[in-house]
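Working notes, structure below.
The values are calculated or read from the model by the stated rules, or taken from the named source; none is laboratory data. Predicted model only: the values in this text are computed from it and were never measured. A quick note on method: Cβ atoms are made from the backbone with ideal geometry, for glycine too, and the neighbour counts reach across all protein chains shown. The accessibility values were calculated without ligands, DNA or RNA, using every heavy atom of the protein model including side chains. Shrake-Rupley method; radii C 1.70, N 1.55, O 1.52, S 1.80 Å.
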Amino acid sequence: MALSPSLHRSITPTPPRLPRFWAAMLLGAFWLSVPAQGAVRTWDGGGGDALASNPLNWSDDQAPASEADEVVLDVTTNKDMTWDLTNAVAAWRQSADYTGTVTLATTYTGTFTQLVITGDCVLSNGVWTHAANGATEASRIRVAAGGNFVLGSNAAINANGKGHSAGNGPGSGSLANANAQPAASHGGLGGEAYNPPYGSITSPTNLGSGAYTPGGGAVWLTVGGTGTIAGTISAQATPPGLAGGAGGSILIEAGAVEGSGLLDTSVPYNPNPSSQRGGGGGRIAVKLSSGSSFGELRMQAYGGISSGPRGAAGTVYLQTSAQAEGTGTLIIDNGGSETLTQTLVTPAQSNLNTFSAIVITNKGLLGLNANTWLNLGTAANLVTYGPAQSYIATAQTNGAEIGSSWTLSGYTLQLYTNLVLSGDLTVTNGTLAMYAGWQTNVVVGGNAVVKSGGKLTHGANG
């Protein structure tokens, strides 16, 4: 029998009601579980300054204040910006219409050591830079992007000449307005430098030192996803005057990298004949956490070309995700500029046997100091391109010993010390250059053979 509507209503159970207090608590919990929605903040430069912290410089008169906010620089204005906000942001986008310069106020120490972008960062145009430095390391570019990082072909990160000021830094040269003054060092020795190279091969973060001109600045990017580099990231020294400053540093840590852009910590050429000493090249490192390829990226840390002694190449270090820290590839490439100045390995980086490969090319010159470990006897990790393109120089010490027979091939060894072999010495497609004025006796326990293409020299110029 069908129930009447009134009777049906009378026997249908009524859901229990929560007290108003608990209902309010549950509703509040629901709203708290929904992530805050950020806003798109567009730069319009409407304030009386260039500071990102000034709300009047943004289209809605509200500066990005939350890590949920997205930063946009576009056709609205090309006014330059100084990013002085310390909070994280969700994303950063510079469109192809924005051609201004953004100065990131990130510092080595203090309250704003890095700009954090939790998502993607896309620079289709415009320039990033940092403030110039003096005697101490104060300012650099330090950015951590949790997503992907894209540097378009029309965009640039430019820290040229933003390193240590003239005459300052641990590798400083002379700022004197006179000829024959020493240049500055960083990754490589400057021409007739009196201060040695410094900084890390595998994780470079230092500024380039200054001489008569300032050194290069520093760029450090950490990318959670893929770093696509189509433009230029540079930390060159200022073009040298009488004595050149040294190149700066670029460190990229990313899941993967791609693109055919340029990373450059070189000392640019100055055609002025008064340029007497070239500064040393800087340092570059690219380290991957999931990738194994470096795309078509170009990397250069060339020493300075000058009318007097030229600067030595700096260092380029590449590490794939399959390689342990410090076991990647070290590259010493001087861009074809011939110099007797060395890319001298400092004591902090003394064990070169840990690298999977050491590539010496384009007249690069690797200098081994007294505390450097490199097994020249087997040289299993050396990649060289002939005695006119690849150079190694020993330290000015009492002696070096190779406990077996040895074949010198594929490079020039500039010998500033005794060399003792218990077995045979064979020189083929290589040069053993014993320098006059130094203790350069070669003692061979077995046979000494110089084959076609091999060469032994002795004299002031090897």
**Request:** For the chain, build the charge dipole from Cβ charges (+1 Lys, Arg; -1 Asp, Glu) around the Cα centre, then report which of 269, 85, 226 sits farthest towards its positive end.
**Result:** 226
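If you roll a 1.4 angstrom probe over the protein chains with everything in place, what fraction of the accessible area of the chain belongs to carbon and sulfur, to the nearest %?
Values: 10460 of 19400 Å².
Carbon and sulfur together cover 54 percent of it.
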**Request:** Give me the percent of DSSP beta bridges within the chain that run antiparallel, rounded to the nearest 5.
**Result:** 5 percent
**Request:** Read through the labelled values (1) 37, 30, 22; (2) 57, 28, 16; (3) 31, 29, 24 and report the label of the one computed as semi-axes √(5λ) of the Cα gyration tensor in Å from the structure.
**Result:** (2)
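If a/c stays under 1.5 just call it rounded; otherwise compare a/b with b/c (prolate if a/b is bigger, oblate if not). Do that for the range 335-462, with a ≥ b ≥ c from the square roots of the Cα gyration tensor eigenvalues. Don't jump to the answer; show the numbers that get you there.
Working: a/c = 1.26, a/b = 1.17, b/c = 1.07.
Rounded is the answer for the range 335-462, as its axis ratio a/c remains below 1.5.
With runs of 4+ DSSP H residues as the only contributors, calculate the mean residue ellipticity of the chain at 222 nm using -39,500 (n - 2.57) per run, divided by the residue total and rounded to the nearest 500.
Values: 2 runs with 20 residues, N = 462.
Counting only the DSSP helices, I get -1500 deg cm²/dmol.
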**Sequence ranges 372-380, 310-318, ranked by mean other-Cβ count within 10 angstrom, highest first** = 310-318, 372-380
**Request:** Compute the distance in nm between two label points, each set 7 Å from the Cα along the Cα-to-Cβ direction, one at residue 194 and one at residue 457.
**Result:** 3.0 nm
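Would you mind working out the accessible area per residue for the chain, using a 1.4 Å probe, and quoting it in Å²?
Values: 19400 Å² over 462 residues.
Per residue, the chain has 42 Å² of solvent-accessible surface.
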**Asked** Could you give the angle, 0 to 90 degrees to the nearest 10, between helix 20-32's Cα long axis and the longest principal axis of the Cα atoms of the chain?
**Response** 30 degrees
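Taking R0 as 51 Å, what's the FRET efficiency between residue 79 and residue 290 from their Cβ-Cβ distance, rounded to 0.05? Display every interim value, and only then the final one.
On the way: r = 38 Å, r/R0 = 0.75.
Plugging the Cβ-Cβ distance into 1/(1 + (r/R0)^6) gives 0.85.
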**Request:** Could you list which residues have their amide H under 5 Å from that of residue 250, counting only those 5 or more apart in sequence or on another chain, with H placed in the peptide plane?
**Result:** 219, 283, 284, 285
**Message:** Can you classify the range 205-247 as rounded, prolate or oblate using the Cα gyration tensor, where a ≥ b ≥ c are the square roots of its eigenvalues, rounded means a/c under 1.5, and otherwise it's prolate if a/b beats b/c and oblate if not?
**Reply:** oblate
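Pull out a ≥ b ≥ c, the square roots of the eigenvalues of the alpha-carbon gyration tensor of the range 291-367, then state rounded if a/c is under 1.5, prolate if not and a/b is larger than b/c, and oblate in the remaining case. Before the final figure, lay out each step's value.
Details: a/c = 3.05, a/b = 1.57, b/c = 1.94.
The shape class here is oblate.
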**Complete:** Taking r as the C-beta separation of residue 118 and residue 53 and R0 as 22 Å, the FRET efficiency to the nearest 0.05 is 0.65
**Student exercise, the chain dipole from Lys, Arg, Asp, Glu Cβ charges, in Debye to nearest 20** = 500 debye
**Fill in**
Rounded to the nearest 5, the percent of antiparallel DSSP beta bridges in the range 85-179 equals 5 percent
**Message:** Run the numbers for residue 383 and residue 39: contour at 0.36 nm per residue of separation, minus the present Cα-Cα distance, in nm.
**Reply:** 118.6 nm
